[in-house]
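One structure is given here, and the rest of the page talks about it.
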Amino acid sequence: MARAPLLQLSDISLTFGGNPVFDGLSLNVQPSDRVALVGRNGSGKSTLMKVMAGLVEADRGTRVVPQGVTVGYMEQDPDLSGFETLGDFAASNLPEDEAYRLSVVAEGLKFNPDAPVATASGGERRRAALAKLLAEAPELMLLDEPTNHLDIQAIEWLEEELRTTRAAYVLISHDRAFLRALTRATLWIDRGEVRRRESGFDGFEEWREETWAQEDEARHKLDRKIKAEAKWAVEGISARRKRNMGRVRALQELKAGRAAQIRRQGTAALELETSAQSGKRVIEATGLAKSYDGKVIAKDFGIRVMRGDRVAFVGPNGVGKTTLLKMLTGEIAPDAGTVQHGTNLEVAVFDQSRAALDPNASLWENLTGDPLMKVSGASDQVLVRGQPRHVVAYLKDFLFDESQARAAVRSLSGGEKARLLLAKLMAKPANLLVLDEPTNDLDVETLDLLQDILGEFDGTVLLVSHDRDFIDRIATQTIAMEGNGRTAVYPGGWSDYVDQRPAPEEARKAAPAAAKPKAEAAPAAPAAKASGLTFTERKRFDDLPAEMERLQAEMAKLTEFLSQPDLFEKEPVKFHKASEGLTQRQELLAKAEEEWLTLAERA
């Protein structure tokens with residue numbers, strides 16, 4: 001027997017500022033759905049998700065959620081007013097007997113529930129919103145860019161969490177690897193129309209190109225028909241004027257229909273110009289060391305970067321990727337070691353904090369106010385790769401319309417800010433690009449274009465990113481930063497690094513003594529070392545008993561909760577959630593016990 005949809009939208013129409021966003025949109029989300037929601041920046045993905053969440057009311061149409069079904073939405077910019085800590089916000093809708101869920105999620109997302117709201121960054125606030133949604137465990141999750149501001153380890157944890165959940169979900173993400181791993185259906189928003197394909201994101205781009213090719217062919221046939229009918233109207237109408245007026249009206253309708261067709265949005269005119277060629281050796285670092293407040297960022301690190309290299313920096317958040325990058329470019333001095341730069345270096349920087357943009361100034365002012373883009377005596381022109389361009393024309397190259405030119409930067413979306421920063425970066429010739437998280441908020445089409453121009457760029461690229469697919473497509477070398485000053489350089493991108501990184505035993509032998517975690521100092525460590533356990537395995541061996549104890553305590557609470565009489569009749573949703581939670585913890589406990597026995601045998 002078919003189950004009712006978790007969510008049903010029927011004949012939804014919505015207009016913003018006089019422009020239609022959707023017209024006559026209908027869709028269902030089924031209980032087992034794993035859906036990718038894709039489309040260009042500005043196509044209405046987030047708006048549609050808010051309609052699905054019930055946060056935006058449509059001008060026309062209905063939204064139906066069956067009684068008892070819970071729908072959760074991850075907010076991009078959550079309202080944390082009234083909460084002292086991020087944890088207070090994340091646990092605000094959790095019953096006391098389910099508060100343990102937040103600690104489990106916080107560990108996986110590397111989210112600190114005790115962090116005060118007053119000093120929390122935008123990334124921390126978004127992680128709090130994601131933790132809140134996962135801890136509440138609704139039957140339908142609506143996730144808008146959940147991987148932004150997560151490092152690769154947290155993304156992989158989230159992947160596994162979503163892979164094993166019984167909830168349905170709809171995902172907006174620019175992370176191809178994430179979408180390919182998780183989705184089984186695709187919703188594509190294109191010029192107000194939503195198409196559905198019962199297949200995951202892998203294969204979406206081929207489907208999109210086929211659809212556009214069919215559209216182009218139909219438009220070409222229509223143009224030919226209009227041309228033929230127009231010729232007939234001029235040459236053949238006079239003889240049978242009265243009888244053929246219907247055909248003339250049909251021609252006018254064809255022309256009106258052709259004019260009403262919405263043109264596809266173009267791609268940003270991304271273009272890089274390499275300045276004078278740099279020396280063959282771009283950067284040579286030897287014996288670099290750096291610490292902040294006792295935290296080791298780098299220890300005895302060395303690398304030689306040659307002209308044309310594409311070097312990616314990967315590792316957990318807070319490990320010091322940006323700091324190492326700034327040491328290599330000379331922005332930060334190392335505590336020890338040397339950095340030598342080659343000749344004729346001209347550097348362009350894409351900063352993840354968007355510090356090069358003044359949020360209170362307009363797009364126009366951000367471009368014309370840049371000393372390197374300023375055209376003497378002209379307030380409406382900017383210098384683009386040595387040539388003057390009208391500021392509005394240059395903004396149109398990056399998909400901004402004239403009405404946005406005088407708008408404040410703070411009013412832009414994340415993707416629009418990224419495009420504006422690319423506009424500033426690409427106006428200046430350079431032979432060394434420093435890109436710190438350039439992929440955040442960019443749509444798939446812009447990412448494709450950025451990848452292409454980086455592939456054709458004659459200079460050198462230093463890249464910090466958590467986008468595994470983008471790293472695979474760009475990097476010729478990967479610097480893996482694992483914490484406590486441990487760094488290693490691998491040829492190739494992310495997948496190559498995963499294939500080449502040492503097995504645990506090799507990592508133990510290669511790791512410097514100073515980098516060993518404090519757990520190694522425990523009395524039992526020498527025996528474990530003698531048995532062949534690595535320090536990572538030793539740490540896991542020490543942690544497993546506490547983890548098993550925690551799981552047993554959670555299971556006891558859930559069992560007690562489920563033992564309430566009439567719980568199933570009075571609170572069926574809570575009963576099912578608690579049952580699922582108990583099953584999951586039983587599975588986790590069995591795995592933890594098996595892992596502990598394996599390590600104990602070796603120890």
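Residues V51, V65, V56, V38: which one is touching a residue at least 24 places away in the same chain (Cβ under 8 Å), surrounded by 15 or more Cβ atoms within 10 Å (Cβ to Cβ) and either within 18 Å of the chain's Cα centre (by Cα) or under 18 Å from L134 (Cβ atoms) (or both)? Spell out the reasoning first.
On the way: V51 fails: either within 18 Å of the chain's Cα centre (by Cα) or under 18 Å from L134 (Cβ atoms) (or both); V65 fails: either within 18 Å of the chain's Cα centre (by Cα) or under 18 Å from L134 (Cβ atoms) (or both); V56 fails: either within 18 Å of the chain's Cα centre (by Cα) or under 18 Å from L134 (Cβ atoms) (or both).
That would be V38, the only listed residue that is touching a residue at least 24 places away in the same chain (Cβ under 8 Å), surrounded by 15 or more Cβ atoms within 10 Å (Cβ to Cβ) and either within 18 Å of the chain's Cα centre (by Cα) or under 18 Å from L134 (Cβ atoms) (or both).
Please give the number of the condition R486 fails out of (1) basic (K, R); (2) farther than 19 Å from G302 by Cβ; (3) modelled with pLDDT of 85 or more.
(2)
Could you grab me the full set of residues in region 557-580 that are of a type in the set (A, V, I, L, M) and either buried (at least 16 other Cβ atoms within 10 Å of the Cβ) or within 16 Å of S103 (Cβ to Cβ) (or both)?
So the first thing to find is which residues in region 557-580 are of a type in the set (A, V, I, L, M), and the list is 558, 562, 567, 573, 578.
Within region 557-580, L558, A578 meet the criteria.
Identify all residues within region 308-336 that are closer than 17 Å to D293 by Cβ and assigned to a loop (DSSP other than H, G, I, E, B); write none if there are none.
Of everything in region 308-336, those that are closer than 17 Å to D293 by Cβ and assigned to a loop (DSSP other than H, G, I, E, B) turn out to be N317, G318, V319, G320, I332, A333, P334, D335.
Going by what's in this entry, would N93 be described as in a loop (DSSP other than H, G, I, E, B), more than 27 Å from L9 (Cα to Cα) and touching a residue at least 12 places away in the same chain (Cβ under 8 Å)?
Working: in a loop (DSSP other than H, G, I, E, B): yes; more than 27 Å from L9 (Cα to Cα): no; touching a residue at least 12 places away in the same chain (Cβ under 8 Å): yes.
Considered against the rule, which asks whether it is in a loop (DSSP other than H, G, I, E, B), more than 27 Å from L9 (Cα to Cα) and touching a residue at least 12 places away in the same chain (Cβ under 8 Å), N93 comes out as no.
Looking only at region 46-80, which residues are out of contact with any Ser or Thr (no Cβ under 9 Å at 6 or more places or on another chain), assigned to a strand (DSSP E or B) and of a type in the set (S, T, Y)? Spell out how you get there, then give the answer.
To start, the set of residues in region 46-80 that are out of contact with any Ser or Thr (no Cβ under 9 Å at 6 or more places or on another chain) comprises 47-55, 57, 65-75, 77-80.
Imposing the further condition that a residue be assigned to a strand (DSSP E or B) reduces the set to 71-74.
If the condition is that a residue be out of contact with any Ser or Thr (no Cβ under 9 Å at 6 or more places or on another chain), assigned to a strand (DSSP E or B) and of a type in the set (S, T, Y), then Y73 is the only one that fits.
Give the residue, chosen from A177, A167, that is outside the structural domain of N440 (by TED's automatic domain parsing), under 20 Å from N28 (Cβ atoms) and modelled with pLDDT of 90 or more.
A167
With the requirement that a residue be part of a helix (DSSP H, G or I), among the charged types (D, E, K, R) and crowded, with 16+ Cβ neighbours inside 10 Å, what does region 473-502 give you? Steps first, answer last, please.
If we filter region 473-502 for residues that are part of a helix (DSSP H, G or I), which is where we start, we get 473-474, 494-500.
Next cut, among the charged types (D, E, K, R) only: 473, 496, 499.
Within region 473-502, R473, D496 qualify.
Could you check region 343-354 and list, in sequence order, the residues that are part of a loop (DSSP other than H, G, I, E, B), touching a Leu at 6+ places or on another chain (Cβ under 9 Å) and more than 21 Å from G123 (Cβ to Cβ)?
Passing the criteria: L345, E346.
Would you mind finding the one in N344, N360, N317 that is closer than 24 Å to L422 by Cβ and in contact with a Gly (Cβ under 7 Å, 6 or more places away or on another chain)? It would help to see each step written out before you state the result.
Working: N360 fails: in contact with a Gly (Cβ under 7 Å, 6 or more places away or on another chain); N317 fails: in contact with a Gly (Cβ under 7 Å, 6 or more places away or on another chain).
None of the others qualify; the one that does is N344.
If a residue must be in a helix (DSSP H, G or I) and among the β-branched types (V, I, T), how many such residues does region 163-212 contain?
Keep residues of region 163-212 that are in a helix (DSSP H, G or I), which gives 163-164, 176-182, 204-212.
From what's left, among the β-branched types (V, I, T): 164, 211.
Going through region 163-212 one residue at a time, the tally reaches 2.
So which pairs qualify, if the first residue must be in region 581-603 and surrounded by fewer than 16 Cβ atoms within 10 Å (Cβ to Cβ), the second must be not in a helix (DSSP H, G or I), the Cβ gap must be under 8 Å, and the two must be at least 6 apart or on different chains?
Short answer, once both residue conditions are applied: R602/G532; R602/L533.
The values are calculated or read from the model by the stated rules, or taken from the named source; none is laboratory data. As the structure is a prediction and not an experimental result, all values here were calculated from the model. Please note: Cβ atoms are built from the backbone with ideal geometry, for glycine as well, and neighbour counts cover all protein chains shown.
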